[in-house]
1. Condition (residue is in contact with a Ser or Thr (Cβ under 7 Å, 6 or more places away or on another chain) and over 30 Å from PRO13 (Cβ atoms)) applied to segment 80-91: is it met by at least one residue?
2. Consider only pairs whose beta carbons are under 9 Å apart and that are at least six residues apart or on different chains; among these, list those whose first residue lies in segment 113-136 and is touching a residue at least 40 places away in the same chain (Cβ under 8 Å) and whose second residue is surrounded by 11 or more Cβ atoms within 10 Å (Cβ to Cβ) and assigned to a loop (DSSP other than H, G, I, E, B).
3. What's the number of the condition VAL81 fails, among (1) touching a residue at least 40 places away in the same chain (Cβ under 8 Å); (2) in contact with a Phe, Trp or Tyr (Cβ under 9 Å, 6 or more places away or on another chain); (3) open to solvent by 80 Å² or more (accessible area, probe 1.4 Å)?
4. Of the residues that sit in segment 1-20 and are without any contact (Cβ under 8 Å) to a residue 40 or more places away in the chain and open to solvent by less than 20 Å² (accessible area, probe 1.4 Å), which one is farthest from ARG62 (Cα to Cα)?
5. Can you tell me which condition ILE131 does not meet? The list is (1) of a type in the set (Val, Ile, Thr); (2) surrounded by 12 or more Cβ atoms within 10 Å (Cβ to Cβ); (3) in contact with a helix residue (DSSP H, G or I) (Cβ under 9 Å, 6 or more places away or on another chain), and all the others hold.
6. Across segment 22-38, which residue is farthest from LEU77 (Cα to Cα) among those that are touching a Phe, Trp or Tyr at 6+ places or on another chain (Cβ under 8 Å) and without any contact (Cβ under 8 Å) to a residue 60 or more places away in the chain?
7. Inside segment 22-45, can you point out the residues that are assigned to a loop (DSSP other than H, G, I, E, B) and either β-branched (Val, Ile, Thr) or loosely packed, with under 14 Cβ neighbours inside 10 Å (or both)?
8. So, in segment 54-71, of the ones that are open to solvent by 90 Å² or more (accessible area, probe 1.4 Å) and more than 22 Å from LEU134 (Cβ to Cβ), which residue ends up modelled with the highest pLDDT?
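The values are calculated or read from the model by the stated rules, or taken from the named source; none is laboratory data. What you are looking at is a predicted structure, and each value in this text was computed from that prediction instead of being measured. In this analysis, Cβ positions are derived from the backbone assuming ideal geometry, glycine residues included, and neighbour counts consider all displayed protein chains. The protein model used for the area step is the full one, side chains on, heavy atoms only, and it has no ligands, DNA or RNA in it. Shrake-Rupley method; radii C 1.70, N 1.55, O 1.52, S 1.80 Å.
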Amino acid sequence: MIVFDLKCRHDHPFQGWFKNGDAFDTQSAAGEVACPICGDTKVEKAPMAPRLVKARGDAVERRAQVMAEVTRALGDLRRQVEEKCDYVGNKFPEEARKIHYGETDARGIYGEATKEEAEALEDEGIDVAAIPWLPRGDN
C-alpha cells in the first residue's frame, strides 16, 4: 500500500491509500477520487515523500487511514444532506415539530438545535440526529 497526500483544486488537503501509484492514476483519471470536504474530483498529488505501508502497518498509519475514511464519509454525508434536505437554521426544533405533528408537509430538514432542544424533541418522539459537520476549508 502507498499513502499519498492529495489536494483538490480548492486546496483542501487529504490523504488517499492506494495499491500503488498506477492505481491512483487510474482512479483519479476515472473521477473515482473525490475530496472528502467538497466532493471535487479534480484531485492531484500534493508535494510529499510517499510513505510505503507494510502489510500489517503500524498503529499510527492505521489511525490515519481510519481518520481519512471517516473524513471522507462525513464529507459525503454533508453533501447528501445539503443536496436533499432543506436548511431551516435555528428554527430546526419548530420545523421538526410541524412535520411530526402534520402541520406541514414531510421533508428532510437540517439546521441547528441546542442539546436541550434536541432532547426535548426526542422526548416528544421526534427522531433527530446530531451530525458532526467538518469545517469548510474554502470559507
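1. No, because not a single residue in segment 80-91 is in contact with a Ser or Thr (Cβ under 7 Å, 6 or more places away or on another chain) and over 30 Å from PRO13 (Cβ atoms).
2. Pairs found: LEU134/PRO36; LEU134/ILE37; ARG136/HIS12; ARG136/ILE37; ARG136/CYS38.
3. In the conditions (1) touching a residue at least 40 places away in the same chain (Cβ under 8 Å); (2) in contact with a Phe, Trp or Tyr (Cβ under 9 Å, 6 or more places away or on another chain); (3) open to solvent by 80 Å² or more (accessible area, probe 1.4 Å), VAL81 misses (3) alone.
4. The extreme case among them is CYS8.
5. (2)
6. PHE24
7. Across segment 22-45, the qualifying residues are ALA30, GLY31, GLU32, VAL33, ILE37, THR41, LYS42.
8. The selected residue is LYS54.
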